[in-house]
Amino acid sequence: MAFVRAASTNDIPAGHGALLDVKGVMVALFNAGAGRFHATSPLCPHEDGPLAEGWLEGDAVVCPWHGFDFDLANGRCRVDEGLTIAVYAVRVVGDDVEIDLP
Ligand code: FES
C-alpha cells in the first residue's frame, strides 16, 4: 500500500467523478467538495456500470445505470448487500490528490 498522486485538486469539478489510470490501476475518483475526495474501483459489481459517471449522495456513490448505491466507508452496496466495491484511502497534499493503492 502506498499513496500515489492521482490528480490535481482542480482536475475534477466538485460533485463529479472521473475515471483515472493511476499507475496501471483504474480508479474512480470523486470530488465531494470542500477539499474532500473519494476513490473507488471503477466498475459497479451489479452489471459493470461506470461508477465514475455516477454521483455522490451523502456518504455513498450512486451507479448511473440502475441507481445502486455504495457506502464510501466500506464499499458495501445498500441495495444488495452481497455486492461490494473497493474503497481506497485518499489524501490531499498541497494541490495533489493521492490515493492509497493496494
Ligand atoms: S450496473 Fe450499477 S446499478 Fe446496475
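Which value in nm describes the separation of the simple spin-label points at Ala34 and Ala89, placed 7 Å from the Cα toward the beta carbon?
2.2 nm
For Lys23 and His46 in one chain, what is 0.36 nm times their gap in residues minus the Cα-Cα distance, to one decimal in nm?
This chain segment gains 5.7 nm when fully extended.
Could you sort Trp65, Trp55 by their accessible area in this structure, using a 1.4 Å probe and putting the largest first?
Trp65, Trp55
With an 8 Å Cα cut-off and a minimum separation of 6 or more residues, compute the relative contact order for the range 2-101 in percent.
29 percent
Could you provide, to the nearest whole Å², the per residue accessible area of the chain with probe 1.4 Å?
53 Å²
Lone cysteines in the chain, defined as no other cysteine's Cβ under 4.7 Å from theirs: which are they?
Cys77
Using DSSP to define loop residues, name the GluC sites (Glu not before Pro) in the chain whose beta-carbon has at most 14 other beta-carbon atoms within 10 Å. Could you put the intermediate results ahead of the total?
Working: sites: Glu47, Glu53, Glu57, Glu81, Glu98; in loops: Glu47, Glu81.
The qualifying sites are Glu47, Glu81.
Using a 1.4 Å probe on the protein chains only, how many percent of the accessible area of the chain belongs to carbon and sulfur? Show your work: numbers first, answer last.
Details: 2620 of 5410 Å².
After summing per-atom areas, the C and S share lands at 48 percent.
Give me the number: length gained by fully extending Ala14 to His66, i.e. 0.36 nm times residue separation minus the C-alpha to C-alpha distance, one decimal in nm.
16.5 nm
Rounded to whole Å, give me the distance from the Cα center of the range 4-18 to that of the range 30-102.
If we compute the Cα centre of each part, the gap is 13 Å.
Choose one of Thr9, Phe70, Pro45: the residue whose Cα lies farthest towards the positive end of the charge dipole of the range 2-101 (beta-carbon charges +1 Lys, Arg; -1 Asp, Glu; about the Cα centre).
Thr9
Taking the Cα centre of the chain as origin, sum charge times position over the Cβ atoms of Lys and Arg (+1) and Asp and Glu (-1), and report the length of that vector in debye to the nearest 20. Let's see the in-between values first.
Numbers: 6 positive and 15 negative charges, 50 e Å.
That gives a dipole near 240 debye.
Does the range 2-101 come out rounded, prolate or oblate, given a ≥ b ≥ c as the square roots of the eigenvalues of its C-alpha gyration tensor, rounded meaning a/c under 1.5 and, failing that, prolate meaning a/b above b/c?
prolate
For the range 39-95, run through the trypsin sites (Lys or Arg not before Pro) and keep only the ones in DSSP coil with at most 15 other Cβ atoms within 10 Å of their Cβ.
Arg78
The values are calculated or read from the model by the stated rules, or taken from the named source; none is laboratory data. Note that the structure is predicted; figures quoted are calculated from it, not measured. Every residue, glycine among them, receives a Cβ derived from its backbone with ideal geometry; neighbour counts consider all protein chains shown. Heavy atoms of the whole protein, side chains included, go into the accessibility calculation; ligands, DNA and RNA do not. Shrake-Rupley method; radii C 1.70, N 1.55, O 1.52, S 1.80 Å.
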